[in-house]
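Working notes for the structure below.
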Amino acid sequence: MPVPFPNSPSAQSILLPARPGTILGSLAVALLLGFLPWQNIALVPDFVALVLTFWCVRQPRLVGLGAGWLLGLITDVGNGVLLGQHALTYSLLAFAASTLSRHMLWFPLWGQALHVAALLLFAQGVATLVRMAAGADFPGWSITIGPLFGAALWPLVSVLLLLPQRRPVDVDENRAI
Amino acid sequence: MEHTPPPFFNRGPAPLVRLVFFASLALALLVLDARFRYTEGLRSVLVLAVYPLQSLATLPSTLGARIVGYFASQSQLHEENAELRAKLLDASQAAQRFEAAQAETGQLRRLIGAAERLPLKATPAEILYNSRDPYSRKVVIDKGSQNGVNAGSPVVDQNGVIGQVTRAHALLSEVTLLTDKEQAIPVQVLRNGLRAIAFGAGASGMLELRFMASNAEIQNGDKLVTSGIDGSYPPGLPVATVARIERDATDAFARIVCQPAAGVESGAYVLVLGRESNRLAYPEHSGAEREKNLGKIRKPRKKDAGAIP
């Protein structure tokens, strides 16, 4: 049976297994990026959500709902918002990403990025609903810019985070498979 | 015959079950935090875990400033020195006059038997980062309850008030800026002493005076200072300048928009002022109780951390 999307990176090479250290490190870097003193918060993508989505899609058995929930709690505390807002958002995001995982990996990177845009917009929508239920006003449509930027970063994030799992190209003409 | 799957097929509870578990846990936390504020203990523990990341995140800017400082040329330093000296001269004159005025005020106050105002304790602090929350205006500063910062303390910069500490952790605190929709500050027009309350206007970065009669005596360019009647802010701190007034004949209230005096959304260094301890007690509800307690010194009631002054 021919592979339907020969450009897909998953179809091209066999990757090494992911190390837990890489996963933890990348999540810590994502948290760090979120705490940087950004000038305009509305335009900055949610790095934690992006990296969490990546690992939920790539390693749904290692990173899932529990990790999302804990990361959400840390984000809530770091930003001083309602405790549980990001915990709920990231749990739902992790659930959706792990469910879509098998489906998404068949697409090339830009196709995956479209899925990620939908996922991140969904997460932002959940957060907005929670805040509006708690009595905040709708902050305007500019909140959709961050998730879209995040989705645009998906190809870059995918390539960067898969680097530790790649093995040196070793061409052997006489290999059986 | 009963078959159990081999352990490597065992993946724990189904994803949907896990989702329901974690979502209900998050919802329970949300309700506890929003309604009852039971979660402050959990929050202060977690914030210690986040602290290394937060301080690491501000490292690049600190390091950059240091490197730039190292390479600043001598002539630049000379120029800056001269400029600062001129400023110092100016400021010391003003300070002398201020001292004299303060002494005079103290004497007058003693004369009329008013409580002598205690000198304010000020803690310098640095803004670490803005909160990533599009629904509110908050910053996090690098001083916490270990440095004597309490919830409710006013925060100022060199030009005026920027906000109020709404949550003090051990090493950090959260400051809600004046421009936050939920934040209010009692003010007074410097020109004629008219009292009002300024509310944050949210994303526009301005303040609003609500519920001012459309014939209130206020005009463009009027300076607003804190009135100090709330007991949270010391009186006389600059807050804002009136930027625009819309008086509509069909509306009972005027729409007054003010520009904050301080760099509320910019700037890196702030001062956290200690709260005045000798403020008046809150009035009691019933007259009978008041008479019973007359003469006793009542302790000020503990205020909610997130409450407006």
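Go over the candidates B:41, B:12, B:64 one by one and state the one that is assigned to a loop (DSSP other than H, G, I, E, B) and free of Cβ contacts under 8 Å to residues at least 12 places away in the same chain. Break it down into steps so the answer makes sense when it comes.
Numbers: B:41 fails: assigned to a loop (DSSP other than H, G, I, E, B); B:64 fails: assigned to a loop (DSSP other than H, G, I, E, B).
Criteria check complete, one pass: B:12.
Which residues, counting only those in region B:156-191, are hydrophobic (A, V, I, L, M, F, W, C) and buried (at least 22 other Cβ atoms within 10 Å of the Cβ)? Working first, answer last.
Here is the first cut: in region B:156-191, the ones hydrophobic (A, V, I, L, M, F, W, C) are B:156, B:161-162, B:165, B:168, B:170-172, B:175, B:177-178, B:184-185, B:187, B:189-190.
Within region B:156-191, B:156, B:161, B:162, B:165, B:168, B:172, B:175, B:177, B:178, B:185, B:187 qualify.
Scan region B:122-160 for residues that are within 14 Å of chain A (Cβ to nearest Cβ) and either assigned to a loop (DSSP other than H, G, I, E, B) or touching a residue at least 60 places away in the same chain (Cβ under 8 Å) (or both) and report the count.
16
Anything in region B:22-40 that is within 17 Å of residue A:70 (Cβ to Cβ) and within 8 Å of chain A (Cβ to nearest Cβ)? List them, or say none.
Let us first name the residues in region B:22-40 that are within 17 Å of residue A:70 (Cβ to Cβ), namely B:22-30, B:33, B:39.
Within region B:22-40, B:22, B:23, B:25, B:26, B:27, B:28, B:29, B:30, B:33, B:39 meet the criteria.
For region B:214-257, which positions are part of a loop (DSSP other than H, G, I, E, B), touching a Pro at 6+ places or on another chain (Cβ under 9 Å) and not acidic (Asp, Glu)?
Listed by number, the residues that qualify are B:227, B:228, B:229, B:231, B:232, B:233, B:234, B:237.
Within region A:18-28, can one find any residue that is free of Cβ contacts under 8 Å to residues at least 24 places away in the same chain and among the aliphatic types (A, V, I, L, M)?
yes
Check residue B:164 against each of (1) at pLDDT 90 or above; (2) farther than 28 Å from residue A:140 by Cβ; (3) not hydroxyl-bearing (Ser, Thr, Tyr) and name the one condition it does not meet.
Unmet condition: (2).
Inspect all residues belonging to region A:93-116 and state whether any of them is more than 9 Å from every other protein chain (Cβ to nearest Cβ), crowded, with 18+ Cβ neighbours inside 10 Å and closer than 28 Å to residue B:176 by Cα.
no
Inspect region A:106-117 for any residue being in contact (Cβ under 8 Å) with a residue 24 or more places away in the chain, under 22 Å from residue A:38 (Cα atoms) and of a type outside the set (A, V, I, L, M) and give the result as yes or no.
no
Anything in region A:34-86 that is among the polar types (S, T, N, Q) and more than 7 Å from every other protein chain (Cβ to nearest Cβ)? List them, or say none.
A:39, A:40, A:53, A:59, A:75, listed by residue number.
Within region B:183-213, can you find the residues that are within 14 Å of chain A (Cβ to nearest Cβ), in a loop (DSSP other than H, G, I, E, B) and in contact with a strand residue (DSSP E or B) (Cβ under 7 Å, 6 or more places away or on another chain)?
Correct list: B:183, B:201.
If I ask for residues that are under 18 Å from residue A:80 (Cα atoms) and hydroxyl-bearing (Ser, Thr, Tyr), which ones from region A:104-142 would you list?
The answer is A:128, and nothing else.
Show the residue pairs that are 6+ apart or on different chains and have beta-carbon atoms under 6 Å apart, the first residue being within region B:242-257 and within 10 Å of residue B:218 (Cβ to Cβ), the second being of a type in the set (Asp, Glu).
Here the result reads B:242/B:222, each pair linking region B:242-257 to a residue that is of a type in the set (Asp, Glu).
Which of the residues belonging to region A:123-148 are within 14 Å of another protein chain (Cβ to nearest Cβ), under 19 Å from the mean Cα position of the chain (by Cα) and of a type in the set (A, V, I, L, M, F, W, C)?
Listed by number, the residues that qualify are A:123, A:126, A:127, A:143, A:145.
The values are calculated or read from the model by the stated rules, or taken from the named source; none is laboratory data. The structure displayed is predicted, hence computed values, not measured ones. When we count neighbours, we look across all protein chains shown, and the Cβ atoms used for this are built from the backbone with ideal geometry, even at glycine.
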